[in-house]
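Worksheet: the structure to be examined is printed underneath.
The values are calculated or read from the model by the stated rules, or taken from the named source; none is laboratory data. Because the structure is predicted, anything quoted here is derived from the model rather than measured. We place every Cβ from the backbone using ideal geometry, glycine too, and count neighbours over all the protein chains shown.
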Amino acid sequence: MRQEDRLQLLISSHPSLSFVEKFLSAHVEAGLYLVGGAIRDALLGRPMHEVDFDFVVTHLSTDVLERWFTARGKLNLVGQHFGVYKFLPDGFHSKDTEWIDIALPRTERVSDGSLGGYKDFNVQSDPNLPIEDDLARRDFTINAMAFDVRTKQLIDPLDGQTDLAHKTLRAVGNPTERLSEDLSRMLRGIRLAAELNFVIEEKTSQAIRLLLPKLNLQKEVEGKLAYVVPRETVGIELAKALSRNPVRAIKELEMHHAIHELFPEIHKQIEQTSRYLAPLQETVPGELTIVLTLLLRDLAIDKVRQTLTFTGLDTLARGSAQRTQAQVVVTLIGLLQEKTPPTDIDKMRANEFEKRYFNEKGLLFLRCLDLLGHTDLKRAIATRRKQIEDRWLVDHDESIAPLLSGQDVLAHGVPAGPDIRLWLEHVRDLQLDGTLMRREDALHWLEQQLNQKSPS
């Protein structure tokens, strides 16, 4: 299939882009170009992780553009700074469909005094600007292509197709200048190299290593210090890289000194223990929580929390595919640092075993033990888990409904307070161990015990 045919198929196959033909018919003088990552991924024949569509409109005034799109859906200007509109066609909901970027072609000039923040640009939109000028301001050649939707021609002034074919990530223009303009591009480059399994071109790689110490620059904003590269931006790029190709991401982060700058405590561990990162070499895509647990495993718990905040990994919004469950990471590291002897597993109270190991967190912990080579402890936990699962006929991802509730204990005359929890824990021990299998048996046992002794 020709490249142009592949791109045309991409547009025609997405219902949210049904406005395209109508737009072209209504504005014969206008140009409409698909740009950015959608082109890159389509030409590589790979599924898009986020179905983001970016369009550039030429030879059309903002008034006409706004009027036409507003009549056909929701249109929001994402800050006067960039002059980019977010469009959601009628009939689609933001829960199911990504907003579509609509922009006029624009040039950018770094603002005076810029330290490399992604907003530190003077942006000039011009509907008559050639699309090639718009592409020239972009970060990497593989992101600097456009598909002319009207003529169905691929526009590639910076030879991004060659870099795609050679699996090479190359900055547009002078790498040091391009990355200095927006320091977050360094992490985006590392993430793309990991995600696509590309090699970063040598001059671009050198520029990243040169500039990476600036990733933690701060500036004064309204009397307070703020990072030039927002921590949320850092967190998003790290999470995507470590989730999509963790082995390659760790390699790129270490090679470009990002471990040193973003995880300084881990850098010290690596210097002291040559095989510290070895367990991470067996992780697979989608194991972000596992990767972070193994990466931070030797840090004190307060340092773990500080590191997750410093790197922005605990700032991602709920619902984000890259959201880091910071508390789960902290809990898993705490369990690892306890160094529980395998012989203690069978002696552990059943309800305590359940809290630690009998849930999704428990499965994650077993995976960590496997990667760290702690086979005896893993076997002991897995064996007891299986005994409980088989007894109650549940799968790994199913919970076991309790036989009694706090209301049951209250109804038997136990006053509200800590004794309620103690009685419930006793019942839970017996339930998980198989001594009590029915609610009626649990109620009878409780009545007998309450007539004899306290739960403590």
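Say whether the condition of being outside the structural domain of P285 (by TED's automatic domain parsing), loosely packed, with under 15 Cβ neighbours inside 10 Å and within 19 Å of P341 (Cα to Cα) is met by at least one residue in segment 405-414.
Looking through segment 405-414, none of the residues is outside the structural domain of P285 (by TED's automatic domain parsing), loosely packed, with under 15 Cβ neighbours inside 10 Å and within 19 Å of P341 (Cα to Cα).
Looking at (1) in contact with a Leu (Cβ under 7 Å, 6 or more places away or on another chain); (2) more than 25 Å from T383 (Cα to Cα); (3) acidic (D, E), which one does E282 not meet, given that it meets all the others?
(2)
Looking at segment 275-303 only, could you name the residues that are within 23 Å of E338 (Cα to Cα) and not in a helix (DSSP H, G or I)?
Selection gives R275, Y276, L277, T283, E287, L296, R297, D298, L299, A300.
Only one of (1) surrounded by fewer than 14 Cβ atoms within 10 Å (Cβ to Cβ); (2) free of Cβ contacts under 8 Å to residues at least 24 places away in the same chain fails for G434. Which number is that?
(2)
Tell me yes or no: at least one residue of segment 160-172 is at positive phi and modelled with pLDDT of 95 or more.
Residues of segment 160-172 that are at positive phi, as a first pass: 167.
With modelled with pLDDT of 95 or more added as a condition, the list becomes 167.
Yes, there is a match, as at least one residue in segment 160-172 is at positive phi and modelled with pLDDT of 95 or more.
Looking only at segment 1-49, which residues are more than 16 Å from I102 (Cβ to Cβ) and assigned to a loop (DSSP other than H, G, I, E, B)?
M1, R2, S13, V28, E29, G45, R46, P47, M48, H49
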